[in-house]
Amino acid sequence: MATPLSIQNGFNIDQYNLQLDIDPSKTNFKGIVTIAATLLTNATSLKEIKLHSKNLAVTSAHILYSTKDDSKTNLSINYDEINQLVILKPENNAQSLSLSSTTFEIQLSYTGSINETSTYGVFKTLLKNNSKKDNFIIATHCQPSFARYIFPCIDELSSKSVIELSIITTKGLTVLSNAPIEQVVEKKSVRSNCTLTTFNKTPLMTTSLFGFVISNQLEVITAKIPSSSSSPESKDFSVSVYSPIRINDATFTLDTIQKYVPLLEKFFQFNFASIFKNGFKTKLDFVLLPNLADMAMENFGLIVIQMNHLLLTPHQLANDSLRNQLEQLIVHELVHQWIGNYISFDSWEHMWFNESFATWLAIHLTNSGNEMHEDSSSYWYDDQYLIGMIDSQLNNVHNHSLSSMTIHQNSAMIKEENEKKRKDILVTNDVFDNDSYIKGIIMLRSLQLTIQQQEDGNHVDLLSNAFASLFQQEKTENNNLHLKPCKLMDIWNQIGKYLKSENIPNFISSWTRLPGFPLLSVKQDEDDSKKTKLIQNRFLDGYAPLDKIENVPYHIPLLIKLPMDNKLDYENVLMTDRTLTLNHPIFLCNNESQAMYRVSYESEIYYDQFISNTTTTTTTIGGSTTLDRINLIKILKDLSAIINNVHYCKPIHIKGLFKITNHLIDQLKDRDAHDDNLWEPLSIAMSILLNLERCYSKYSGDYYDNEKKFNEIVEKLVGESSTINWELTKSRRYEAFELETLSYISIIFKNHPEIIKINEKYYDLLRSDNLKISGNLIPFKLIGSIFLVNVEQFTNGKQWKRFINYAKDYDRLMANVRLEGESSKEVQELFHHELWSYAGYTNKTEEVVMKVLNYIDSNLELELVPLILEGISSNFNRVVVASKKQESDCSDVSLSVGDIFWKWFMDNFNKWTNKCKNNKSMADNFHTLISIAFDYRSTESKNILIEDFIESYKGQEDIYKLLRTTRKVMKKDQELPLAVLKALTPLS
Ligand SMILES: [Zn+2]
């Protein structure tokens with residue numbers, strides 16, 4: 001569909017003949033473009049001709065009638081600057097141009113400029129070199145809409161044409177473009193010492209893929225790709241890598257191209273040479289450029305990449321992960337040559353898919369050969385993909401679920417914004433949405449697995465065949481995806497037809513048109529324990545009103561693992577309805593966390609199966625299915641999201657969490673020294689426990705029974721945790737997850753005598769003067785928990801005062817800390833936050849609580865006040881030892897941190913309202929103080945007190961309004977933890 005600002009002409013452009021005259025010493029260039037066009041209807045007249053053009057000065061324009069007749073019709077030249085157009089009209093105010101046939105040619109002469117500051121259009125980069133001063137690379141960048149800076153054209157994805165380029169420039173330079181060079185001849189008629197380089201015709205392509213390079217300093221390495229076809233016309237072709245420097249460090253790039261072009265030819269069953277069938281020869285160049293804002297661009301036959309990404313020393317290449325990244329990047333650019341370039345899309349709204357597809361296939365091909373996931377080098381099974389990509393995407397969508405958009409809506413919005421923006425420079429980032437890109441990769445990967453799973457035992461790579469079918473040459477005009485730019489669903493409808501499956505296009509529609517992702521509930525059937533019931537719903541965050549959200553079923557790739565022999569369920573691979581009943585028991589869904597959804601296991605049997613089959617060793621217990629590291633982590637991550645969500649948290653989840661945690665702790669006894677397979681899941685389990693603990697300590701008054709049960713389990717856990725080695729020695733190395741786990745254990749079990757003892761010891765070490773000499777520095781990851789446990793134990797104001805003085809002596813403290821991978825900025829921010837929020841974590845005696853409150857009172861303008869308040873508020877329900885003078889007054893009433901805070905708050909409130917009038921930072925902190933006070937009081941039984949307090953200010957309009965608004969905001973924020981806690985109440 002034409003967009004309002006796209007060009008509406010009565011013709012299509014078939015071919016551009018473009019001749020450029022580029023003198024590298026000048027900042028302008030000259031061009032002559034001859035455009036061959038065909039009218040869309042039989043009418044042989046045109047009102048006007050519109051072409052995209054930006055920063056080009058068109059000097060002449062005319063219509064060529066035919067090759068026989070030399071006559072030309074001159075055209076008048078007009079510009080529409082806002083829409084970046086040059087408009088050609090008949091001269092002498094004639095109403096229309098009459099043409100002799102439905103095909104015609106237009107010729108324009110113009111000048112353009114060479115960009116020396118940014119990397120779009122034609123741009124020049126000077127190469128810094130000690131010996132010669134004038135070394136340069138002139139290159140181009142056209143995506144998404146910079147071809148119009150190089151020649152007048154229809155610069156839109158909906159227009160595909162052939163480009164035949166020739167370049168006049170100084171003799172002896174390297175000149176490259178999309179197609180191979182046809183010939184180079186001297187061109188003395190133009191300037192002395194210059195040549196004309198003529199290139200073959202390009203394939204049909206969009207202008208965004210056009211490119212050329214001119215340089216006096218390019219080194220090259222070349223390799224041959226053997227013909228993979230038996231056809232006699234098909235010949236070997238060469239691939240080359242060009243670089244202005246260090247060409248030897250580009251060997252890996254060349255090897256990778258040489259290795260993967262044949263694999264791609266095999267995947268698509270379509271040779272690279274067939275892509276360039278318009279020309280006589282085929283070639284493929286990679287050119288490394290010093291600067292490129294988009295990092296890499298897959299110009300047809302002329303891929304350009306910013307050189308620091310590809311020039312790697314043998315030493316750098318020894319790093320597996322760096323080498324894999326590089327391989328993936330190169331293959332990604334190669335994939336575009338087939339899908340994205342040869343088969344191209346009609347609108348930028350499909351950009352996300354173009355990029356997702358290239359990344360998916362690149363990972364698929366670079367993984368092939370080590371597809372068995374036991375090999376940890378396989379990208380699909382490593383943390384970067386599973387946790388870095390899938391899980392953070394799930395959290396991302398979750399956090400914005402009310403506003404979360406579908407890929408489809410996202411693309412439409414991007415398109416709309418771009419149209420508004422046309423006047424400014426549009427860059428690739430404007431047409432690219434990262435969330436859709438990542439969702440697209442996950443969608444393709446889970447589709448691949450679903451299709452493979454359906455055909456297990458049959459080794460034909462079905463998806464490869466399906467994609468290959470898109471390239472079959474016998475396609476008619478109607479379904480040939482190369483001849484006309486296509487839409488996303490054109491591809492998937494054809495693939496669905498090929499695979500004889502309606503589900504394929506439906507699967508893609510589902511994941512592009514539905515927002516968010518599903519939660520799949522798995523239950524044993526109540527009547528028949530052999531049966532399994534599956535129910536799916538859209539996953540929403542805890543604040544979203546469930547009943548007001550559209551809840552359409554997704555196409556869920558089930559990826560079921562069965563309870564015996566680690567087998568997958570090949571019968572049930574896809575769920576398309578709300579519910580599904582299986583006639584057999586299962587072990588888990590979403591095996592290896594490869595699809596985009598969370599699973600809620602709602603029968604105890606699942607947790608029992610998990611723990612009876614979790615081992616940290618690789619030994620398989622005969623017959624039964626084992627739970628490996630990725631599945632265990634996925635189960636815990638899903639539990640974490642579910643337990644923290646009021647809509648989904650049920651007692652079974654808490655029970656399951658305790659089962660798994662207990663089991664993990666039991667395994668502490670016979671673990672390996674550096675067993676991250678244990679520490680990582682344990683640290684996730686501990687982080688969920690910590691959230692529960694915070695819920696309980698904040699609301700313990702009303703939910704005491706619940707808390708008691710939690711504490712019983714905690715006791716058991718802490719008993720087992722004594723098997724942990726807490727010794728810090730110079731030689732000991734820590735796993736990051738081990739430190740995280742130790743820190744969580746300290747925070748959760750902060751009042752346990754063992755934990756107190758250990759942390760007091762660390763606290764003393766941290767304050768000592770000679771720690772660096774002994775070498776036993778305290779790991780940074782433990783600092784927060786050391787503060788917390790110690791501050792929690794303070795009983796008098798002196799201890800607290802010492803802590804504060806010591807905390808202010810930042811440098812001395814940091815000298816005793818060992819950093820492991822943390823950057824110093826990160827350390828400072830974290831440190832600041834933890835230190836001051838834990839400074840408020842005192843709850844043993846009234847004396848020490850008052851000390852903290854008085855500190856706040858006298859420093860109300862400091863930015864650390866909200867942090868201290870955060871610490872205090874987490875202890876509101878803790879009962880404290882009252883100071884002696886008050887003991888006689890109210891001997892029986894237990895006093896909590898919150899009670900002290902509330903009294904202090906009411907006593908000082910009027911003073912603060914006066915003090916804050918002219919002090920912005922003090923006023924901000926005062927507002928935080930009010931909401932903290934309301935936070936405590938708004939538990940259900942105490943709501944009346946706070947209402948009375950607010951009402952007592954009814955006469956003072958400003959204050960009354962402030963209190964009311966704060967109260968309103970607070971009420972909303974309050975709902976979640978309280979509701980989660982209620983969901984937890986029937987804990988058994
Ligand atoms: Zn790309």
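Here, each number is a calculation from the coordinates, and none is a lab measurement. This is a predicted model, so every value here is computed, not measured. All Cβ positions, even for glycine, are placed from backbone atoms using ideal geometry, and neighbour counts span all protein chains on display.
Listed peptides 512-522, 561-571 appear in the order 512-522, 561-571 once ranked by packing, highest mean of other Cβ atoms within 10 Å at the front. The protection proxy used here, the mean number of other Cβ atoms lying within 10 Å of each residue, ranks peptides 430-440, 147-157, 479-489, 832-842 as follows, highest first: 147-157, 832-842, 430-440, 479-489.
Could you tell me the center-to-center distance, by alpha carbons, between the stretch 81-138 and the stretch 907-929 in angstrom? One Cα centre to the other: 63 Å. Seen through its C-alpha gyration tensor, with square-root eigenvalues sorted a ≥ b ≥ c, the stretch 442-591 comes out oblate because a/c lies at 1.5 or above while a/b is not bigger than b/c. Most tightly packed first, judged by the mean number of other beta-carbon atoms within 10 Å of their residues, the peptides 94-106, 44-56, 802-814 read 44-56, 94-106, 802-814. Between the alpha-carbon centres of the stretch 744-771 and the stretch 508-580 there is a gap of 45 Å.
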